[in-house]
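Below: one structure, written as structure tokens.
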Amino acid sequence: MWDSIVSIIPLALTYTAPLLIIALGGLYSERSGVVNIGLEGLMGVGAFASALFVVLSGGAFGGATVWVALLVGALAGVALSFFHAFACVSLNANQVISGTAINMFSVAITIYLARWLTTSSNIQIRTSFSRTSIPVLSEIPLLGPLFFSRVYYTTYIVLALVIISYYLLYKTKFGLRLRACGENPHAADSMGVSVTKMRYTGVLISGALAGLGGAIVIMTYAKEFSQLTFNGLGFLALAALIFGKWKPFGVLGAALFFGTAMTVANMAQVFESLRNVPNIFLNTFPYVMTLVALVLFSNNSAGPKAAGEPYDVGKR
Amino acid sequence: MSKESNQNKLIPFLAVALGFIVGAIIMIISGFNPILAYSKLFEGAGLYGNIRRFGDTLLIMTPLMLTGLSVAFGMRTGLFNIGASGQMLMGGFAAVFIGITMELPKIIHLPLAVIAAIIVGALWGMVPGVLKAKYNVHEVVVTIMMNWIAVWTVYYFVPLYIRGNFDTESATIRTTASLRVPWMSNIFNGSPVNLGLFLAIGAAIFIWWVLEKTTFGYELKAVGHNKHAAEYAGIHVNRNIIYSMMIAGALAGLAGATFYLGYTNNIKIGELPSLGFDGIAVALLGMNSPIGVVFSSFLFGFMNAGKGFMQAATRVPNELVQIIMAVIIFFAAATVLIKRWLNQVSRKKVKGGDQ
């Protein structure tokens, strides 16, 4: 049993990291009042851009390549999310339709470019993050093998971003203003907060984090960009965002929960005790749990109240 | 007022034009000749008179028309059915399941498989309908979750009960459950265009009739316009939301039947059919009216039918078509932008007239 846990937890952390960071991105956008179902697409361009960067740079950046690749992924996410922000904030477009367009565009343009560049539509990378054991910490009994052995540094970056996000959203003026724009933009506006600026910021941060998430997928466990990169991780992140009640630590819990479920589903064949559990239960688990949670939350609606509505100054 | 409605009618055409322009710009940047590529796209779709290729256009148009109707029908009731993909997949799974496991004469087998697809699609659509009506849970989130539940359900059941040569796909359906008929293929020179086309056109007429000619349709539209006013007028809003989602699901389920029983003949696991999302583009461009959907599904049908030929002839990656569709959706969402441009143009014209 201990052996199975020791083999599952580090893997679960690996799968959780991108999921968590994408969901956290969604949190910024939705907290500012813009629904973002384009997370999958934003994740995809991040993945594509980071893979492309690694191939094109050809080792010119040496050891820094992997880190710059993460940055490139995040920037690609920002670039694509700009269109979502422009449509939703400046043009009062339907946010769900715009998000759908973002998703479709992302799959199409990345595969188009990949096919154009490589003819096979796959981009394989040779340089990526490798698993490391943290010195000293990995020697701690019990915790060491679970959390500090055979891990990627990116996992800790993601966890740090969760804590920073909590601080930013709940302990700073900026966070209060951002959340106000998602709850009651008129009140925020009357206090001199620029709803437009805040919502742009929220959407662009979501693009950066979702793009970073895609880059982490490529630079840690996937090591290849292809059509299969678009496997619903962005939608799973949306589920984690809702299940985590639109709160940073809630999202952390939800992502860990779903990430572990995903890992167990993928590894069920390896374990004697799980081999007979039909994979349908493990695979659909996050989605079914989200539906259950939505029904349970329905009385005290947990989501940002103004999310999904364009801000109309003349309406009260 | 009339200027406003004229503008609204122009928007789909401008969105399509902008889509093709952006596509051309992307081709120029990546070093292709857009005029050649577009002409090959039209040629591949049989628009220059190749009857077999034109049959393929109708073949691909069929499920698109149905997913487009599904999304459009939901929109008319104020519901965003982003789950047409999942409903289509589950409907198609039911149809393929019956198509493989049962042995019946065609006259019973085929209708049974099609009806199964409609019913399962409707049930898959009922879940978001009920959650919306009873618990006020947003249908967009529920339909997204239902999409992925559908993917994993098919992933589990196909290898278990109707496995084909590989774990990743089902066996081929029996010919008695196929929508293909020799006389249609003969007319279209061997294209697998099939009876699904008539099912889709029949569905479009039926939906038009429901929306425009029945009290039920009037109630649905009233709910879509203003839920509270409809409630005040004595319309059962919650019941109508559930019915609307079920009908949208049934249409998507039927799309699954036409796709899997008429086109692929089997079902693959682990993928969400993109046709459900394409249906959003079809519905938006068709302005959510059944007649508009017929025309817009033809547009997207021929673009999808011709893209393989275009790629083979010009090396332009076929994803170009998907890019154009995404751009069209984006501009259809950002109608304010187009209206602003139109107003600028017309204001300039008026100025010019004064001088």
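A quick yes/no check of all residues on (1) under 18 Å from residue B:257 (Cβ atoms); (2) at pLDDT 95 or above:
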| site | (1), (2) |
| --- | --- |
| B:111 | yes, yes |
| B:116 | yes, yes |
| B:158 | yes, no |
| B:167 | no, no |
| B:177 | yes, no |
Output yes when any residue across the range A:140-153 is β-branched (Val, Ile, Thr) and either at the interface with chain B (Cβ under 8 Å from one of its Cβ atoms) or surrounded by 16 or more Cβ atoms within 10 Å (Cβ to Cβ) (or both), and no when none is.
yes
Can you confirm whether residue A:110 is buried (at least 21 other Cβ atoms within 10 Å of the Cβ), within 23 Å of the chain's Cα centre (by Cα), under 13 Å from residue A:49 (Cβ atoms) and polar (S, T, N, Q)?
yes
What residue, of B:47, B:36, is modelled with pLDDT under 95 and away from every other protein chain (no Cβ under 14 Å)?
B:47
Any hit, the range B:203-214, residues being in contact with a helix residue (DSSP H, G or I) (Cβ under 8 Å, 6 or more places away or on another chain) and of a type in the set (Lys, Arg):
no
Test set (1) more than 8 Å from chain A (Cβ to nearest Cβ); (2) closer than 17 Å to residue B:22 by Cα; (3) buried (at least 24 other Cβ atoms within 10 Å of the Cβ) - residue B:338 fails condition number:
(3)
Of all residues being within 7 Å of chain B (Cβ to nearest Cβ) and in a helix (DSSP H, G or I) in the range A:84-106, which is surrounded by the most Cβ atoms within 10 Å (Cβ to Cβ)? Just the residue, please.
A:101
Suppose the filter is under 21 Å from residue B:98 (Cα atoms), of a type in the set (Val, Ile, Thr) and modelled with pLDDT of 90 or more; does residue B:154 pass it?
yes
Mind telling me which of the residues A:20, A:56, A:13, A:27 ends up being farther than 28 Å from residue A:250 by Cα and either in contact with a Lys or Arg (Cβ under 6 Å, 6 or more places away or on another chain) or assigned to a helix (DSSP H, G or I) (or both)?
A:56
Do we find a residue being surrounded by 16 or more Cβ atoms within 10 Å (Cβ to Cβ), in a helix (DSSP H, G or I) and either in contact with a strand residue (DSSP E or B) (Cβ under 9 Å, 6 or more places away or on another chain) or away from every other protein chain (no Cβ under 14 Å) (or both) anywhere in the range B:132-144?
no
Yes/no for residue B:223 being within 14 Å of chain A (Cβ to nearest Cβ) and among the aliphatic types (A, V, I, L, M):
no
Residue count for the range A:107-121, restricted to those that are of a type in the set (A, V, I, L, M) and more than 8 Å from every other protein chain (Cβ to nearest Cβ):
2
Restricting attention to the range B:149-172, does a residue exist that is in contact (Cβ under 8 Å) with a residue 12 or more places away in the chain and basic (Lys, Arg)?
no
Name the one entry in B:270, B:279, B:292, B:308 that is in a helix (DSSP H, G or I), surrounded by fewer than 23 Cβ atoms within 10 Å (Cβ to Cβ), within 14 Å of another protein chain (Cβ to nearest Cβ) and touching a residue at least 24 places away in the same chain (Cβ under 8 Å).
B:308
Kindly indicate the residue of the range B:147-163 that is in contact with a Leu (Cβ under 8 Å, 6 or more places away or on another chain) and at the interface with chain A (Cβ under 8 Å from one of its Cβ atoms) and also surrounded by the most Cβ atoms within 10 Å (Cβ to Cβ) among those meeting that condition.
B:147
Might you check whether a residue that is assigned to a loop (DSSP other than H, G, I, E, B) and free of Cβ contacts under 8 Å to residues at least 40 places away in the same chain occurs anywhere in the range A:145-163?
no
In the range B:92-131, anything of a type in the set (Val, Ile, Thr) and away from chain A (no Cβ under 13 Å) is listed as B:96, B:98, B:100, B:101, B:107, B:108, B:114, B:115, B:118, B:119, B:120
Residues that are modelled with pLDDT under 90 and not in a helix (DSSP H, G or I), drawn from the range B:311-355
B:334, B:355
Helices (runs of 4 or more DSSP H) completely within the range A:193-308 that count 2 or more residues being within 14 Å of another protein chain (Cβ to nearest Cβ) and of a type in the set (A, V, I, L, M):
A:233-243, A:248-267, A:279-297
Residue B:175 fails exactly one of (1) among the hydroxyl-bearing types (Ser, Thr, Tyr); (2) within 17 Å of residue B:249 (Cβ to Cβ); (3) more than 14 Å from chain A (Cβ to nearest Cβ), namely (2)
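Table: residues versus (1) of a type in the set (Gly, Ala, Ser); (2) surrounded by fewer than 22 Cβ atoms within 10 Å (Cβ to Cβ); (3) at pLDDT 95 or above.
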position: A:157; (1), (2), (3): no, yes, no
position: A:183; (1), (2), (3): no, yes, no
position: A:192; (1), (2), (3): yes, yes, no
position: A:203; (1), (2), (3): no, no, yes
position: A:214; (1), (2), (3): yes, no, yes
position: A:225; (1), (2), (3): no, no, no
position: A:242; (1), (2), (3): no, no, no
Give all pairs with beta carbons closer than 7 Å in which a residue from the range A:78-93 that is modelled with pLDDT of 95 or more meets a residue that is surrounded by fewer than 24 Cβ atoms within 10 Å (Cβ to Cβ) and among the aromatic types (Phe, Trp, Tyr); count only pairs at least 6 apart in sequence or on separate chains.
A:85/A:200
Considering only residues that are more than 23 Å from the chain's Cα centre (by Cα) and crowded, with 16+ Cβ neighbours inside 10 Å, look in the range B:2-26 and name the one that is farthest from residue A:106 (Cα to Cα).
B:7
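The values are calculated or read from the model by the stated rules, or taken from the named source; none is laboratory data. Computed from a predicted structure; not experimentally measured. Cβ sites come from the backbone with ideal geometry, for glycine too, and all protein chains shown count toward neighbours.
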